[in-house]
């Protein structure tokens, strides 16, 4: 194996390593997002139970004092406020989970970019070193240098032209 081929293999191995690490990070972030949603659901459940207990206590207190229509209005207002607070808890959890999922998507994209980038870099390194040593053609494409001529508008291998594209 030549030095360029060794470098190519090392570059691809590094890209694979980045891909694996990025996927692991994405998986962990998605798992964290699921945990945040579960924790938020539990917090909301507990909050609603406490809200019902507060509403029950308020109704008992109002009934014991013989309160009328004003007490009903106050109890309704309190119930609406409690519901808004519960929904605010839920929304906060959803925002945190969505942020984690967005980070997971970025980690996944980075993983793919790492892999693709390693292939491109390895190919460029291999082609660049081969063209310097053999006068234009890469060992992958043969000694005729078809690839370099295709870029310059010539033919690619045994084909006459790129045509039709």
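Each value in this text was obtained by applying a stated rule to the coordinates, not by laboratory testing. Nothing here was measured: the structure is a model prediction, and the numbers come from that model. In this analysis, Cβ positions are derived from the backbone assuming ideal geometry, glycine residues included, and neighbour counts consider all displayed protein chains.
Gain on full extension, evaluated as 0.36 nm per residue between residue 70 and residue 50 minus their Cα-Cα distance, stands at 4.9 nm. Ratio of Rg to Rh for segment 77-121: 1.48 [Cα atoms; Kirkwood radius as inverse mean 1/r over pairs]. Computed FRET efficiency, Cβ-Cβ of residue 60 and residue 99, R0 45 Å: what is it to the nearest 0.05? The formula returns an efficiency of 0.60 here. Sequence-distant contacts, meaning Cα pairs under 8 Å at least 6 residues apart, place the relative contact order of segment 3-137 at 56 percent. Rg then Dmax, both in Å and based on the Cα atoms of segment 3-137: 29.6, 102. Could you tell me the distance between the Cα centroids of segment 1-32 and segment 74-98, to the nearest Å? Their Cα centres are 44 Å away from one another. If you wrap segment 48-100 in the convex hull of its Cα atoms and look at it from every side, the mean projected area works out to 3.6 nm². For residue 17 and residue 121, a Förster radius of 22 Å and the Cβ-Cβ distance give a FRET efficiency of 0.95, rounded to the nearest 0.05.
Here segment 6-65 is treated as an ellipsoid with the same Cα gyration tensor; its semi-axes, largest first and in whole Å, are 58, 5, 4.
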